[in-house]
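Pasting a structure here, questions to come.
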């Protein structure tokens, strides 16, 4: 695989997603939002904003975990293919996979559909996907909202919000991670639901018409059409992770690998640790194809995409690794050790085989540094 130098402007930014601007926008929002924690002192938040989900302390040792997410521009692929029956799985997956990161069992979800049309067949397919995702996760869809806003949106946008249950003393934000711990990676099912704006631009071309004409193009390296590859539903990790918790495996942290890639490991509460990804798992063909065609740097590929690993659990030793791998096999999820935790000053993720260091949510190449 070619490893071009990181361009001055990222390919992701050129495709229309300004991650740097998003960070600034988030800061502007949080300066107003963070003080609202004081408005509900009767039901305080049990974790800091910035992890994958938060928890409301209800008292008596009980907590409600909650989070929200959507499917992003993956729904454009569904629209191009006229196939909406799996996108609901993605919506459920993006929510429940975040909620389990704090050690909570997902319980129920609501959906929000913004649309310019209320085509009954489309909504029937959306419902099928939501129901399938709920079944895979063991949750209910307890409500939702349909908003017809043709003046604002063309097509459909799908977003969800999920709650889960967790005992306050079992909340997990990674504060017990320590040097020597092992990182176990759980395989993704493909691109999942992040980076689709860049993925579509690379694989399908520029603009709606060109992308629509290429979405059904068969790709030998993938063994299916480009659209089928991009529309592959996001894997749901609820059952194997809940089985690990029920088996009393000491999971030091649970990390959903979404936008930010392996840099999401940096979200854990513990400081002065380095996550070393070595050996790097085999990269699925779709990511190699995108990197070659799009001339995307290693740093940006590992920053935007999951690169074949959709979830990580951190454990102390080989006994825990064996237990995790056994449960993953029982749930037909490929898993194996992909690295370890080391001591360092600060917090970072390194991928030695690609000369990458990630701090915060950004990777940089160290190949040119003596």
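Evaluate the following for residue 285: is it more than 22 Å from the chain's Cα centre (by Cα) and modelled with pLDDT of 95 or more? Break it down stepwise before answering.
Numbers: more than 22 Å from the chain's Cα centre (by Cα): no; modelled with pLDDT of 95 or more: yes.
The answer is no for residue 285.
What's the total number of residues in region 75-98 that are in contact with a strand residue (DSSP E or B) (Cβ under 9 Å, 6 or more places away or on another chain) and over 14 Å from residue 235 (Cα atoms)?
So the answer is 5.
Please go through region 49-61 and give me each residue that is out of contact with any strand residue (DSSP E or B) (no Cβ under 7 Å at 6 or more places or on another chain), at negative phi and touching a residue at least 40 places away in the same chain (Cβ under 8 Å), ordered by number. Even if it seems obvious, please write down each step before you answer.
Let us first name the residues in region 49-61 that are out of contact with any strand residue (DSSP E or B) (no Cβ under 7 Å at 6 or more places or on another chain), namely 49-51, 59-60.
Next, from what is left, pick out any that are at negative phi: 49, 51.
Of everything in region 49-61, just one residue is out of contact with any strand residue (DSSP E or B) (no Cβ under 7 Å at 6 or more places or on another chain), at negative phi and touching a residue at least 40 places away in the same chain (Cβ under 8 Å), namely 51.
Further question on the same structure: For region 143-151, indicate whether the set of residues that are at positive phi and either assigned by TED's automatic domain parsing to the domain that holds residue 318 or out of contact with any strand residue (DSSP E or B) (no Cβ under 9 Å at 6 or more places or on another chain) (or both) is non-empty.
No, region 143-151 contains no residue that is at positive phi and either assigned by TED's automatic domain parsing to the domain that holds residue 318 or out of contact with any strand residue (DSSP E or B) (no Cβ under 9 Å at 6 or more places or on another chain) (or both).
Which residue out of 271, 323 is assigned by TED's automatic domain parsing to the domain that holds residue 236, surrounded by 15 or more Cβ atoms within 10 Å (Cβ to Cβ) and at negative phi? Walk me through it before giving the result.
On the way: 271 fails: surrounded by 15 or more Cβ atoms within 10 Å (Cβ to Cβ).
Only one candidate passes the filter, namely 323.
What helices (runs of 4 or more DSSP H), lying completely within region 225-298, carry at least 1 residues that are farther than 22 Å from residue 193 by Cβ and free of Cβ contacts under 8 Å to residues at least 12 places away in the same chain? Spell out how you get there, then give the answer.
On the way: elements: 226-230, 238-246, 285-294.
In region 225-298, 238-246 are the helices (runs of 4 or more DSSP H) which contain 1 or more residues that are farther than 22 Å from residue 193 by Cβ and free of Cβ contacts under 8 Å to residues at least 12 places away in the same chain.
Within region 205-224, which residues are under 19 Å from residue 295 (Cα atoms) and in contact with a helix residue (DSSP H, G or I) (Cβ under 6 Å, 6 or more places away or on another chain)?
205, 211, 219, 221, 222
Let me ask something else about it. Tell me, please, whether a residue that is without any contact (Cβ under 8 Å) to a residue 40 or more places away in the chain, touching a strand residue (DSSP E or B) at 6+ places or on another chain (Cβ under 6 Å) and assigned to a strand (DSSP E or B) can be found in region 341-361. Before the answer, list the steps.
Restricting attention to region 341-361, the residues satisfying the condition of being without any contact (Cβ under 8 Å) to a residue 40 or more places away in the chain are 357.
Still in the list and also touching a strand residue (DSSP E or B) at 6+ places or on another chain (Cβ under 6 Å): 357.
Now narrow it down to the ones that are assigned to a strand (DSSP E or B): 357.
Checking region 341-361: at least one residue is without any contact (Cβ under 8 Å) to a residue 40 or more places away in the chain, touching a strand residue (DSSP E or B) at 6+ places or on another chain (Cβ under 6 Å) and assigned to a strand (DSSP E or B).
Starting from residues that are in contact (Cβ under 8 Å) with a residue 60 or more places away in the chain and assigned to a helix (DSSP H, G or I), keep the ones in region 324-340 and report whichever is nearest to the chain's Cα centre (by Cα). Spell out how you get there, then give the answer.
Kept after step one, since they are in contact (Cβ under 8 Å) with a residue 60 or more places away in the chain, are these residues of region 324-340: 324-325, 327-328, 330-331, 333-340.
Now restrict to residues that are assigned to a helix (DSSP H, G or I): 324-325, 327-328, 330.
Numbers: 324: 20, 325: 21, 327: 21, 328: 18, 330: 23 Å.
Result: 328.
The values are calculated or read from the model by the stated rules, or taken from the named source; none is laboratory data. Remember, it's a predicted structure, so these values are computed and weren't measured experimentally. Cβ atoms come from the backbone with ideal geometry, glycine included; neighbour counts cover every protein chain shown.
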